[in-house]
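A short worksheet on the structure shown next.
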Amino acid sequence: MHPPELRARVRQQFLAGKTIAAIAREAGLPYPTVWHWCRDRPNPAPTGTATRCFRCQPALPGPEHPASYSYLLGLYLGDGYLGTSVRVPVLRIACANDWPGLIEACDTAMRAVLASSVQRVRQQGCVSVQSYGKHWPCLLPQHGPGKKHDRPIVLADWQREIVAANPGHFLRGLFHSDGCRIANSVRREGRCYVYPRYLFVNRSTDIIGLCQWALNLLGIPWRMNRPDSLSVARRSAVAALDRHVGPKT
């Protein structure tokens, strides 16, 4: 190992204007060694969104706002897309124009979880709420090529812990993206009965399974009215889900 005094002298010569090749010849050192001494820099301290990525920063035990993370995860599994083919990954979540409150809630959740800036791109019938950030793939490991219903969607252990502690917020994200609260009408014996009902529709059996799991955590009964559609219709169950989800605004 070379003495630190030699490394310091080489560095001073480089800062004084000598070329790396000249320094290497005079000191009798390999060119790559002198290059590393003169050019290498310590890894810079993380800045920007990197400081908020709890998967990359050991000092962070988890998300700063676990409820916002659970909500955003639900939105992403429903109507979200994480593009990683571009230089900086971008998270996009489609929100219908009919629900300006949903657009605002999605924007707020992105900022609470990671984003330093959020853009709203208007498209036909919806607004794409999006945020660029190198660390979105760390927080949403379910991203991948193709449609979600064509590939496995499995939560990591650390995600399951967060959602298990905040199942209502996770369900709120799922129902705000691929769900709805409707007035269901049934005609019996000549009379028409109208009652509220929640529906969650998704072609991914894994995502449907996650919705079932979260409902079970809260003790809310459900049933499958179609292979890709989950229904919550009992009066007490709808009232319980209202406390966590409520209608879109």
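The values are calculated or read from the model by the stated rules, or taken from the named source; none is laboratory data. Remember, predicted model here, so these are calculated numbers, not experimental data. Note that we place each Cβ from the backbone using ideal geometry, even for glycine, and neighbour counts take in every protein chain shown. When the accessible area is computed, the model is the full protein with side chains, heavy atoms only, and any ligands, DNA or RNA have been set aside. Shrake-Rupley method; radii C 1.70, N 1.55, O 1.52, S 1.80 Å.
Check the stretch 158-168 and report whether any residue there is under 20 Å from the mean Cα position of the chain (by Cα) and open to solvent by 80 Å² or more (accessible area, probe 1.4 Å). Outline the logic, then answer.
Applying the first criterion (under 20 Å from the mean Cα position of the chain (by Cα)) to the stretch 158-168 yields 158-168.
Narrowing the set further to residues that are open to solvent by 80 Å² or more (accessible area, probe 1.4 Å) leaves 160-161.
Checking the stretch 158-168: at least one residue is under 20 Å from the mean Cα position of the chain (by Cα) and open to solvent by 80 Å² or more (accessible area, probe 1.4 Å).
Checking each residue in the stretch 213-222 for being closer than 24 Å to Lys148 by Cα and either acidic (Asp, Glu) or surrounded by fewer than 13 Cβ atoms within 10 Å (Cβ to Cβ) (or both) picks out only Asn216. Of all residues in the stretch 223-246, those satisfying the criterion of being touching a helix residue (DSSP H, G or I) at 6+ places or on another chain (Cβ under 8 Å), surrounded by 12 or more Cβ atoms within 10 Å (Cβ to Cβ) and part of a helix (DSSP H, G or I) are Leu241, His244.
Restricted to the stretch 174-191, and to residues there that are of a type outside the set (S, T, N, Q) and under 16 Å from Asp242 (Cβ atoms), the residue that is most open to solvent (accessible area, probe 1.4 Å) is Arg181.
If I filter the stretch 35-83 down to residues being among the aliphatic types (A, V, I, L, M) and modelled with pLDDT of 85 or more, which single residue comes out as surrounded by the fewest Cβ atoms within 10 Å (Cβ to Cβ)? Step through it out loud before you land on a result.
Of all residues in the stretch 35-83, those among the aliphatic types (A, V, I, L, M) come to 45, 50, 59-60, 67, 72-73, 75, 77, 82.
Checking the rest, the ones that are also modelled with pLDDT of 85 or more come to 60, 67, 72-73, 75, 77, 82.
Numbers: Leu60: 13, Ala67: 17, Leu72: 29, Leu73: 27, Leu75: 27, Leu77: 24, Leu82: 18.
Ranking the qualifying residues of the stretch 35-83, first place goes to Leu60.
Return yes or no: is Ala214 out of contact with any helix residue (DSSP H, G or I) (no Cβ under 6 Å at 6 or more places or on another chain) and more than 22 Å from Cys95 (Cα to Cα)? No: the conditions fail for Ala214. Within the stretch 127-147, identify whether any single residue is under 15 Å from Leu73 (Cβ atoms), open to solvent by 70 Å² or more (accessible area, probe 1.4 Å) and of a type in the set (Gly, Ala, Ser), and answer yes or no. Checked against the condition, which is being under 15 Å from Leu73 (Cβ atoms), open to solvent by 70 Å² or more (accessible area, probe 1.4 Å) and of a type in the set (Gly, Ala, Ser), the stretch 127-147 yields no hits at all. Those helices (runs of 4 or more DSSP H) of the stretch 9-104 in which at least 3 residues are of a type in the set (Phe, Trp, Tyr), considering only elements entirely within it, cover 31-39, 66-79.
Matching residues to (1) out of contact with any helix residue (DSSP H, G or I) (no Cβ under 7 Å at 6 or more places or on another chain); (2) within 30 Å of Lys18 (Cβ to Cβ); (3) not β-branched (Val, Ile, Thr):
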position	(1), (2), (3)
Gly74	no, no, yes
Val88	yes, no, no
Gln130	yes, no, yes
Cys138	yes, no, yes
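Quick one: what pairs do we get from the stretch 84-108, first residue open to solvent by 20 Å² or more (accessible area, probe 1.4 Å), second in a helix (DSSP H, G or I), C-beta under 7 Å, 6+ apart or different chains? Going by the 7 Å Cβ cut-off, the qualifying pairs are Thr84/Pro137; Ala94/Asp79.
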